[in-house]
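Just below is one structure, and these are the notes that go with it.
Read-outs throughout are calculated quantities, based only on the coordinates presented, and are distinct from any laboratory measurement. These figures come from a predicted structure and were not determined experimentally. Here the Cβ is made from the backbone with ideal geometry for all residues, glycine too, and neighbour counts use every protein chain on show.
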Number of protein chains: 2
Amino acid sequence: MGGEETATSKAPRTERGKRTLRKLLDAAAAEFGERGYHEASISGITQRAGAALGTFYTYFDSKEQVFRALVDDMGHLTRQHIAERVPGNVDRLTAERLGLEAFIEFVREHKDLYRIVMEAQFVAEDAYLNYYKVFAAAYTRNLAQAAEKGEIRPGYEEERAWALIGMSVFLGMRYAVWSSDKTAKEVAAAAAELITFGLSPLARGGGLGGGAS
Amino acid sequence: MGGEETATSKAPRTERGKRTLRKLLDAAAAEFGERGYHEASISGITQRAGAALGTFYTYFDSKEQVFRALVDDMGHLTRQHIAERVPGNVDRLTAERLGLEAFIEFVREHKDLYRIVMEAQFVAEDAYLNYYKVFAAAYTRNLAQAAEKGEIRPGYEEERAWALIGMSVFLGMRYAVWSSDKTAKEVAAAAAELITFGLSPLARGGGLGGGAS
DNA sequence: TCGAAACCTGAGTCAATATTCAAGTTGTAG
DNA sequence: CTACAACTTGAATATTGACTCAGGTTTCGA
């Protein structure tokens, strides 16, 4: 997959240009995040950025292109943030808890960008697909490796990856985007307990986060 | 709560009217499902329905109103379909598996409507919120009851409900909307195994679906 | 310091389409 | 059969907002 660099001809060549581009990207994130893709307007973006309408087209070909750029950006940022918070040497079950905790925190700090990712499903489906496929592939691999090491039960790696991603996404939506009435730690502990032991009454009740609500 | 009946003044009074309304609703589901809310056009809807443009406004006040009507409809249909497939007397863990299986099958048969529900997050956020809140509340209650009966470990009912809904939604998206490369039964079995025992290598490996991929 | 390249400006163009409405057609009660 | 209500029609209206462009201003290497 190639598209690291965006449009070739539109890259800024001076310091001033770089500053303007950054202002426009931040403004676009805010505008799309607050108003959604279709309610958002280019003039809204340039107003937020303190620039003239035409300036937008110095750096972007279209409304859709800047939106896609933001989605890709979010993918990088998310993976980076989670990687920073999850040491490479912990076992899979611990990694799940820390990863979810980091994810929820991240979403809280980037609600706008997160909303953009979700809306990409309807605006730039391929970008959205790619976003989650990258996650799912990495996740599937991690699960398979953990299974080999005996850290988790083997089997169903792909289905589990999608199930776990869905869990994270919805917990992020509910406890980061919609409301922050519980801490990321609490939510992550609850989910980790579920991921580790399932719902079965036979599993040991102690363990991680305690057990009571 | 309460909006069962839609607009009062716009209800059809003759057989012909009822038929036209139904054609418009079906056409709207197809148009929104295929093209998304904003790409969809009223003229697209009326063309599919074989009606004139103005006829749409005999039955609906606006584009958004018909969209909301479809979201509400989907909520009813989904709950009904799942309730039909999950006997009331089975234990919670079995209910989870059957419910997910029914859900995936349902999404496969109603991809258009399902896409509409997801897009509602950006078009009619309150309708979307309501859709999931109803599910989450019911789910939370079911989990609490099951815990009382000793069918599952108690605690974290609300977080678990959202986590499980997220799982279903993403598995539905991946294995029903995007691709049908696995049967609903297979996917449900994998998820049920995860929900029941978690990932822990300590849980018994036999049980439900076997274990190997 | 100079000039070209880079950048900025915002009024104007243009296509799309949600919604209205005045004039017809069909159904049905009496 | 008649007349009114229900329904249908599609051209016209009105708004919106993405995108263009011709002319300025700023930057920066030489």
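With a ≥ b ≥ c taken as the square roots of the eigenvalues of the C-alpha gyration tensor of the protein assembly as shown, please select rounded if a/c is under 1.5 and otherwise prolate if a/b is larger than b/c or oblate if it is not?
Details: a/c = 2.05, a/b = 1.15, b/c = 1.78.
Oblate shape, in that a/c is at least 1.5 and b/c is the bigger or equal ratio.
Under the rule that an exposed site lies in a DSSP loop and has at most 13 other Cβ atoms within 10 Å, name the longest stretch of chain B with no trypsin sites (Lys or Arg not before Pro) of that kind, not counting the sites themselves. Display every interim value, and only then the final one.
Numbers: sites that count: B:Arg13, B:Lys149, B:Arg204.
That would be B:14-148.
Checking the cross-link pairs A:Lys23/A:Lys63; A:Lys23/A:Lys111; A:Lys182/B:Lys133; A:Lys185/B:Lys182 against a 24 Å limit on the alpha carbon distance flags A:Lys185/B:Lys182 as lying beyond it. The phi-based Karplus calculation (6.51 cos²θ - 1.76 cosθ + 1.60; θ = phi - 60°) puts the 3J(HN,Hα) values of region A:92-108 at 4, 5, 5, 4, 4, 5, 5, x, 5, 4, 5, 5, 5, 4, 4, 4, 4 Hz, whole numbers, x for Gly and Pro. Remark: the protein assembly as shown carries a charge dipole of roughly 220 debye about the Cα centre, counting +1 on each Lys and Arg Cβ and -1 on each Asp and Glu Cβ. Sequence-ordered 3J(HN,Hα) estimates for region B:61-69 from the Karplus curve with 6.51, -1.76 and 1.60 and θ = phi - 60° stand at 7, 6, 4, 5, 5, 5, 4, 4, 4 Hz, glycine and proline given as x.
When Rg and the Kirkwood Rh are both derived from Cα coordinates, the Rg/Rh ratio for chain A amounts to 1.05. Paramagnetic label reach from B:Glu148 (point 7 Å along Cα→Cβ; backbone nitrogen cut-off under 15 Å): within region B:76-103, residues B:92. Rounded to the nearest Hz, the phi-derived 3J(HN,Hα) couplings of region B:164-169 under the Karplus curve 6.51 cos²θ - 1.76 cosθ + 1.60 (θ = phi - 60°) are 5, 5, x, 4, 4, 4, where x marks glycine and proline.
Region B:49-149 has equivalent-ellipsoid semi-axes of 33, 15, 10 Å, by the square roots of 5 times the alpha carbon gyration tensor eigenvalues, sorted largest first. Label sites at B:Asp26 and A:Arg16, each approximated as a point 7 angstrom past Cα along Cα to Cβ, lie 6.2 nm apart. Remark on region B:1-99: hydrodynamic radius 15.3 angstrom, per the Kirkwood mean of 1/r across alpha carbon pairs. Taking every residue in B:150-157 and counting other chain Cβ atoms within 10 Å of its Cβ, the average works out to 6.
The charge dipole of chain A, taken about the Cα centre with unit charges on the Cβ atoms of Lys, Arg (+1) and Asp, Glu (-1), comes to about 420 debye, rounded to the nearest 20. Taking the dipole about the Cα centre of the protein assembly as shown, with the C-beta of Lys and Arg at +1 and of Asp and Glu at -1, give me whichever of B:Leu129, B:Leu143, B:Gly33 is farthest to the positive side. With unit charges placed on the Cβ atoms, the residue in question is B:Gly33. Name the residue from A:Val86, B:Trp178, A:Leu171 whose Cα lies farthest towards the positive end of the charge dipole of the protein assembly as shown, charges +1 on Cβ of Lys and Arg and -1 on Cβ of Asp and Glu. Most positive-ward Cα: B:Trp178. Counting only aspartates and glutamates at least 8 places from A:Lys10 when in the same chain, those with an alpha carbon closer than 16 Å to its own are A:Asp61, A:Glu64.
Considering only the label points, 7 Å along Cα→Cβ from Cα, what distances in nm to one decimal separate B:Lys18 from the same position in each other copy, shortest first? From this label point to the equivalent ones elsewhere in the assembly: 7.0 nm.
Rounded, prolate or oblate: which fits region A:11-60 when a ≥ b ≥ c are the square roots of the eigenvalues of the alpha-carbon gyration tensor, with rounded for a/c under 1.5 and prolate only if a/b beats b/c? Prolate, because a/c is 1.5 or more and a/b exceeds b/c. Oblate is the label for region A:118-197, because the ratio a/c of its alpha-carbon gyration tensor axes (a ≥ b ≥ c) is 1.5 or higher and a/b is not greater than b/c. Entry for region A:85-139 at q = 0.25 Å⁻¹: log10 I(q)/I(0) = -1.03, Debye formula applied to identical alpha-carbon scatterers, no solvent contribution.
With only Lys, Arg, Asp and Glu charged, each at its Cβ (+1 for the first two, -1 for the last two), find how big the charge dipole of region B:45-84 is about the Cα centre; round to the nearest 20 debye.
Working: 4 positive and 5 negative charges, 26 e Å.
So the magnitude is around 120 debye.
The simple Förster model, with R0 at 30 Å and r as the Cβ-Cβ distance, assigns A:Leu202 and A:Asp181 a FRET efficiency of 0.40.
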